[in-house]
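Trainee: Dropping the structure in here first, questions after.
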Amino acid sequence: MRRKIAIIGGGQIGGVLAQLIAQKQLGDIVLFDIVEDMPQGKTLDIAEASRIDGFDVCVKGTNSYQDIAGSDLVIVTAGLPRKPGMSRDDLLTTNAKIMKSVAEGVRDNAPDAIVIVISNPLDVMVTLFQKVSGFPHHRVVGQAGVLDSSRFATFIAWELGLSVKDINAPVLGGHGDTMVPLLRYANVNGLPVMELLERKYASAEKAKEVMTAMVERTKAAGGEVVKLLKTGSAFYSPASAVIAMTKAILNDEKRVLTCSAYLNGEFSVSGYYVGVPAVLGAKGVEKVLELNLDETEQALFDNSVNAVKKVVAEMETLGF
Ligand code: A3D
């Protein structure tokens, strides 16, 4: 039987996601948005490429939550994106209202679905979705780390002149300015990136300087795109990141991907969603994998968790 995938929010990310899911034939698609006719228009446009791209899935646009009934997976992209000068946290009030209504719609119409949230501020929106829906924590997960890690890997690949396919560069923590690119764990098929940089520059000091610049660029990478686009935020790469998670869940791949997962004592954190390496499979988040963090890394991670906690508390004072 074909899988059914609902996308809530048919904007920039939602539209690209629908096209990618169709092209990859990952399942039948329902694209939901509150804007009348827009999701219907986008899905009609995508469906009319089916003969050219050779895909057989159904692609339906809707303004009714009833159409998401029976979805195996729901992807939530609903919410405003940033504009230049804004932080992700500036989106809190508007997007919390949207997320509450989305969580109610999904809870009432697709109660058995696994849910991937991508709306910002990410870790806080995942928290709210889970709270309102009452879904078990392992069935609600956020996308951020797959993209942040891909951004870090991309900058390393450009710097070293090596294929990005061989680079692993984890980024943990909350999806905000305090995120933690783990330079000690960054490697090229097992070779530490720091060692390769030291060889390239024949100087430990210069290697550190270059790495620090890549770490800072990674942390600010979302804002770099916002500044260039001027009217919104990144959407191609976030959609690709969700596709990796979608495949891992629907195909029960047991991939280890960094995502915003609920922590129950792991990394010394309890009761919060934060970006960590997690095993994604048919049950959603099947396990959180802990890394040994040294003192500095743990302090940076704790700082990032505290930033998430602060915005969660702010959301609660707003009544959510
Ligand atoms: P955009 O193109 O504005 O699309 C958002 C869509 O949500 C619009 O079509 C709206 O009509 C729709 N919408 C608004 N309210 C509702 C509602 N109540 N129910 C259903 N749909 C609604 O934004 P985008 O696609 O560029 O970004 C979507 C979200 O993703 C934003 O919050 C971004 O900040 C966030 N984002 C996250 C990442 C991460 O890596 C975590 C990256 C980039 C963007």
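Trainee: Work out how much length Ser240 to Ser203 would gain on full extension: take 0.36 nm times their residue separation and subtract the Cα-Cα distance, in nm to one decimal.
Mentor: Details: separation 37, 0.36 × 37 = 13.32 nm, distance 3.63 nm.
The Ser240-Ser203 span can extend by a further 9.7 nm.
Trainee: Which order do His175, His138 take by accessible area at a 1.4 Å probe, largest first? Before the final figure, lay out each step's value.
Mentor: Working: His175 25, His138 80 Å².
The ordering from most to least exposed comes out as His138, His175.
Trainee: For the stretch 4-144, with every protein chain kept in place, what is the accessible area per residue (1.4 Å probe, Å²)? Please list the in-between numbers first.
Mentor: Values: 5610 Å² over 141 residues.
Value for the stretch 4-144: 40 Å² per residue.
Trainee: Let me ask something additional. Taking 0.36 nm per residue of separation and subtracting the Cα-Cα distance, what length does fully extending Asp252 through Ala313 add?
Mentor: On the way: separation 61, 0.36 × 61 = 21.96 nm, distance 3.45 nm.
Between Asp252 and Ala313, full extension yields an extra 18.5 nm.
Trainee: Among the trypsin sites (Lys or Arg not before Pro) in the stretch 8-91, which ones are in a DSSP loop with at most 14 other Cβ atoms within 10 Å of the Cβ? Mind listing them?
Mentor: Values: sites: Lys24, Lys42, Arg51, Lys60, Arg82, Arg88; in loops: Lys24, Arg82.
Answer by residue number: Lys24.
Trainee: Over the stretch 145-320, how many pairs of lysines fall under 13 Å by alpha carbon, counting only those 8 or more apart in sequence or from different chains?
Mentor: Working: Lys200/Lys208; Lys247/Lys283; Lys254/Lys283; Lys254/Lys287.
Count of close lysine pairs: 4.
Trainee: Just the accessible area per residue of the stretch 163-231, please: how many Å² with a 1.4 Å probe? Each step should come with its number before you reach the end.
Mentor: On the way: 3800 Å² over 69 residues.
For the stretch 163-231, the per-residue accessible area is 55 Å².
Trainee: Starting from the stretch 188-253, pick out the trypsin sites (Lys or Arg not before Pro) whose DSSP state is loop and whose Cβ has at most 13 other Cβ atoms within 10 Å. Before the final figure, lay out each step's value.
Mentor: Details: sites: Arg199, Lys200, Lys206, Lys208, Arg217, Lys219, Lys227, Lys230, Lys247; in loops: Lys230.
Here the trypsin sites (Lys or Arg not before Pro) that fit, given the DSSP loop and packing criteria, are Lys230.
Trainee: So how exposed is Ile34, as accessible area in Å² (1.4 Å probe, rounded to 10)?
Mentor: Probe radius 1.4 Å; accessible area of Ile34 about 150 Å².
Trainee: Rounded to the nearest 5, what is the percent of antiparallel bridges among the DSSP beta bridges in the chain? Don't skip to the answer; put the middle values down first.
Mentor: Numbers: 22 of 42 bridges.
Percentage antiparallel, nearest 5: 50.
Trainee: Connecting C-alpha atoms closer than 10 Å in a GNM of the chain, tell me which of Ile167, Ile68, Ile116 has the biggest fluctuation.
Mentor: Largest GNM mean-square fluctuation: Ile167.
Trainee: Let me ask something additional. Output the DSSP H helices from the chain with an along-axis C-alpha extent of no less than 30 Å and a mean Kyte-Doolittle hydropathy no less than -0.5. Display every interim value, and only then the final one.
Mentor: Values: long enough: 295-317 (33 Å, -0.32).
Going by DSSP H runs, the hits are 295-317.
Trainee: Now a separate question. Give, as a single signed number, the net charge of other residues whose beta carbon lies under 14 Å from the beta carbon of Asp28, with Lys and Arg counted +1 and Asp and Glu -1.
Mentor: On the way: positive: Arg2, Arg3, Lys4, Lys24, Lys60; negative: Asp56, Asp67, Asp72.
Summing Lys and Arg as +1 and Asp and Glu as -1 gives +2.
Trainee: Using the basic label-point model (7 angstrom from Cα toward the beta carbon), what is the Leu191 to Asp90 distance in nanometres?
Mentor: Inter-label distance under the simple model: 4.2 nm.
Trainee: Ignoring ligands, DNA and RNA, what percent of the 1.4 Å accessible area of the chain is carbon and sulfur?
Mentor: 51 percent
Trainee: If packing is taken as the average number of other Cβ atoms within 10 Å across a peptide's residues, how do 312-320, 104-112, 254-262 rank, most packed first? Can you show the working numbers first?
Mentor: On the way: 312-320: 13.9, 104-112: 17.2, 254-262: 22.8.
Result, highest mean Cβ count within 10 Å first: 254-262, 104-112, 312-320.
The values are calculated or read from the model by the stated rules, or taken from the named source; none is laboratory data. Predicted model, so just to flag it, every value in this text is computed and none were measured. Reconstructed Cβ throughout: ideal geometry from the backbone, glycine too, with neighbour counts over all protein chains shown. To get the accessible areas, we keep the full protein, side chains included, count just its heavy atoms, and leave off ligands, DNA and RNA. Shrake-Rupley method; radii C 1.70, N 1.55, O 1.52, S 1.80 Å.
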